[in-house]
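Let me begin by presenting the structure, written as structure tokens, before commenting on it.
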Amino acid sequence: MCSASSLIKQKALELGFSACGICRPDFAEQYSGFLKDWLKKGFHGEMSYMERNSDKRSDPRLLVDDVKSIIITALNYYPSKKQDAQAAQVAYYAYGKDYHVVVKKKLKALYDFIALEIAPVKGRIFCDSAPFAEKYHAVKAGLGWVGKNTQLILPGKGSFFFLGSILLDMPLEYDEVVIPDRCGNCTKCIDACPTRALMAPGRLDSTRCLSYLSIEYKGDLPDFYKETIGNRVYGCDTCNTVCPWNQNVRGNETGEFQASEKLLNLSFEEIMKMNEDDFDKLFFETAIYRIGLKQLQRNAGV
Ligand code: SF4
Ligand code: SF4
């Protein structure tokens, strides 16, 4: 007879997730120290939400009463068709519908499966939507390791994945085998970062990161941004695309993540001429919608 854990993992794969692991909801001691130091140095920039609930961020027991298990899933977003090289470049994760919605829908289906087919259960679903250290727990659940580019890398599958989590009051079998760091002597991501935002292995200064500046940062863009942004208009994939673990990875097969022809060929001129209606039509329900037309035009104007 299959255990509850294997039934959950099997269902996760059926729902389209590429990987699923389970770990204990322990206090993330190592991560807690790292986070405190990172915040103290101001590397989070204007992301003040990182400062709030930092106790919860390191301790999943503060997020869900009587939590016994953490299920972590990974959903591929590597594009099966990429933008034209001349187009205004959008980060791969934002090609399709807003991942928060798509991942949560799949997590909800997994949660319902557990509650209906396995046992009554209580818990919460997260996808970048709560102070929760997803990458830290994904490592504990045996999904991969955190590379020098700060991304979770799944062996043989790369790092273009959204992580989603379910915290449950149900005890499950935990994955105990942790995959060791396989970055070795490679420093490709650090060498390729155009702004030196990746200062050292696993150390990211967000205030220098093109992704942070184009998406999270609302102010006037610094000169180094203008000198390094190239034809990017939303986000940056460089420290992921250069990674040897991301070569020859499979494109995603999730319908909601497929880019429209319009996005694949999006020009800077089109962005600058857009009005609010055009913006809504093209980006409604995508991650780009969150930054609004003004900020997109600020980025394109550079
Ligand atoms: S996203 Fe771009 S700017 Fe940010 S750390 Fe990676 S390579 Fe550097
Ligand atoms: S580029 Fe190299 S160092 Fe950076 S995450 Fe990938 S394997 Fe690790």
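The values are calculated or read from the model by the stated rules, or taken from the named source; none is laboratory data. A quick note: this is a predicted structure, and the numbers were derived from the prediction, not measured. Virtual Cβ from ideal backbone geometry, glycine too; neighbours counted across all protein chains shown.
Table for the structure above
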item	result
Those residues of segment 175-195 which are within 11 Å of ligand 1 (Cβ to nearest atom) and farther than 26 Å from residue 72 by Cα, in sequence order	188, 190, 191, 192, 193, 194, 195
Where a residue in segment 238-262 is more than 15 Å from residue 151 (Cα to Cα) and its partner, wherever it lies, is surrounded by 20 or more Cβ atoms within 10 Å (Cβ to Cβ) and hydrophobic (A, V, I, L, M, F, W, C), with Cβ under 6 Å and at least six apart	256/102
Test: residue in segment 126-135 that is within 16 Å of ligand 2 (Cβ to nearest atom) and free of Cβ contacts under 8 Å to residues at least 40 places away in the same chain	yes
Flag if residue 107 is touching a Cys at 6+ places or on another chain (Cβ under 9 Å), without any contact (Cβ under 8 Å) to a residue 60 or more places away in the chain and not polar (S, T, N, Q)	yes
All positions within segment 136-156 that are within 9 Å of ligand 2 (Cβ to nearest atom) and more than 20 Å from residue 77 (Cβ to Cβ)	148
Selection status of residue 139, away from ligand 1 (no atom under 16 Å from the Cβ), surrounded by fewer than 17 Cβ atoms within 10 Å (Cβ to Cβ) and not small (Gly, Ala, Ser)	no
Segment 14-49: number of residues that are surrounded by 13 or more Cβ atoms within 10 Å (Cβ to Cβ) and not in a loop (DSSP other than H, G, I, E, B)	11
Looking only at segment 227-281, and only at residues there that are under 23 Å from the mean Cα position of the chain (by Cα) and among the acidic types (Asp, Glu), the one that is farthest from residue 214 (Cα to Cα)	253
2 or more residues crowded, with 18+ Cβ neighbours inside 10 Å and within 16 Å of ligand 1 (Cβ to nearest atom): qualifying helices (runs of 4 or more DSSP H) within segment 196-302	210-215, 223-228, 238-241
Verdict on residue 187 being surrounded by fewer than 19 Cβ atoms within 10 Å (Cβ to Cβ), more than 22 Å from residue 25 (Cα to Cα) and either within 16 Å of ligand 2 (Cβ to nearest atom) or over 15 Å from the mean Cα position of the chain (by Cα) (or both)	yes
Matching residues in segment 205-231 - criterion: being of a type outside the set (A, V, I, L, M) and touching a helix residue (DSSP H, G or I) at 6+ places or on another chain (Cβ under 6 Å)	206, 212, 214, 225
Meets criteria (within 15 Å of residue 92 (Cβ to Cβ), modelled with pLDDT of 95 or more and either in contact with a Leu (Cβ under 9 Å, 6 or more places away or on another chain) or within 16 Å of ligand 2 (Cβ to nearest atom) (or both)) for residue 228	no
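Residues checked against (1) modelled with pLDDT under 95; (2) farther than 15 Å from residue 239 by Cα; (3) more than 14 Å from the chain's Cα centre (by Cα):
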{"site": "124", "(1), (2), (3)": "no, yes, yes"}
{"site": "149", "(1), (2), (3)": "no, no, no"}
{"site": "153", "(1), (2), (3)": "no, no, no"}
{"site": "167", "(1), (2), (3)": "no, yes, yes"}
{"site": "181", "(1), (2), (3)": "no, yes, yes"}
{"site": "191", "(1), (2), (3)": "no, no, yes"}
